[in-house]
Amino acid sequence: MNNTRRDFIKTTALAAGAISLGINSNAKPANFNEYPYTLPQLPYAYNALEPHIDEKTMMIHHDKHHQAYVDKLNAGLEKFPDYQQKGLQNLFSQIIMLPADLKMVIRNHGGGHWNHSFFWNQLSPTTSQPSEKLASAINSTFGSIDKLKEEMNKTAMTIFGSGWVWLIETAMKELKIVTTPNQYNPLMGDAADKGAPLIAIDVWEHAYYLKYQNKRADYLEAIWNVINWNKVSDSHF
Ligand code: MN3
């Protein structure tokens, strides 16, 4: 499957996820992937991920931090009408060709919006298991699910400053653990490691500081309790 097709399917899957969150099924889905971008609703209550991720962190993280990425993304795109309807994933893949003023907007705020939309959607209070296909790919790459968690957490601990740790599937169909600084992501054309995200873990302090303070390792341990393996498996082709 070529990249355009994969991107299309992933975008569609993400959009379908957003539609299912809507209260009124006839309402237009949240414009989280179309200009002007809007903040998607969480697919669960703010306190649903307690005790692993606390209610106050979720409220501030979603309502304030994520909203700010959306607002600054829209503001930044205002003077670039030619790029408003291109879609974030296209803009990510063409990042090095974008006008200089737009490049940082897409990296920081486009990335911030996309990464958080993906992040919320792959968390859940309901326990689930990876699909057989995904479990088998994880086992053959990392040895076991526990080894994957261990390896991802170890990698997340090496991030200096703010960033994300990802499980991606590369163009060669290999699973790989990678990190990105700031709000960059593995879909960006100049990412050191490119691929389709399966799991994203926000390692910015704002994701855990209220509850875990400096104990990043405890946050990383806890977040695996709320990973939505059904969603992760859906991302795996
Ligand atoms: Mn964040």
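The values are calculated or read from the model by the stated rules, or taken from the named source; none is laboratory data. Keep in mind it's a predicted model, so treat the numbers as computed, not measured. Cβ coordinates were reconstructed from backbone atoms using ideal geometry, including for glycine residues, and neighbour counts include every protein chain displayed. SASA here: full protein model, heavy atoms, side chains in, ligands and nucleic acids out. Shrake-Rupley method; radii C 1.70, N 1.55, O 1.52, S 1.80 Å.
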- Task: Find the lysine pairs in the range 104-237 meeting two conditions, Cα atoms under 24 Å apart and a separation of 8 or more places or different chains, and report how many there are.
- Result: 28
- Keeping all protein chains in position, work out how much accessible area His61 exposes to a 1.4 Å probe, and write it in Å² to the nearest 10. 0 Å²
- Query: Which value, in Å², gives the accessible area per residue of the range 132-235 when a 1.4 Å probe is used on the protein heavy atoms?
  - Reply: 46 Å²
- Query: Can you pull out the chymotrypsin sites (Phe, Trp or Tyr not before Pro) in the range 121-168 that DSSP calls coil and that have at most 11 other Cβ atoms within 10 Å?
  - Reply: Phe160
- Message: Please list, by residue number, every one of the chymotrypsin sites (Phe, Trp or Tyr not before Pro) in the range 36-130 that is coil in DSSP and has at most 11 other beta-carbon atoms within 10 Å.
- Response: none
- Message: Leaving out ligands, DNA and RNA, and with a 1.4 Å probe, what % of the accessible surface on the range 158-237 is carbon or sulfur?
- Response: 50 percent
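What value in Å³ per residue do you get for the convex hull of the alpha-carbon atoms in the range 132-235?
In the range 132-235, the Cα convex hull volume per residue is 99 Å³.
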- Size of the range 50-151 along its principal axes in angstrom, Cα-based, largest extent first? 48, 34, 21
- Task: With a 10 Å radius around each residue's Cβ, average the other Cβ atoms per peptide and rank 210-219, 127-136, highest first.
- Result: 210-219, 127-136
- Message: Out of all Cα-Cα pairs in the chain, roughly what percent, to the nearest whole number, are more than 32 Å apart?
- Response: 14 percent
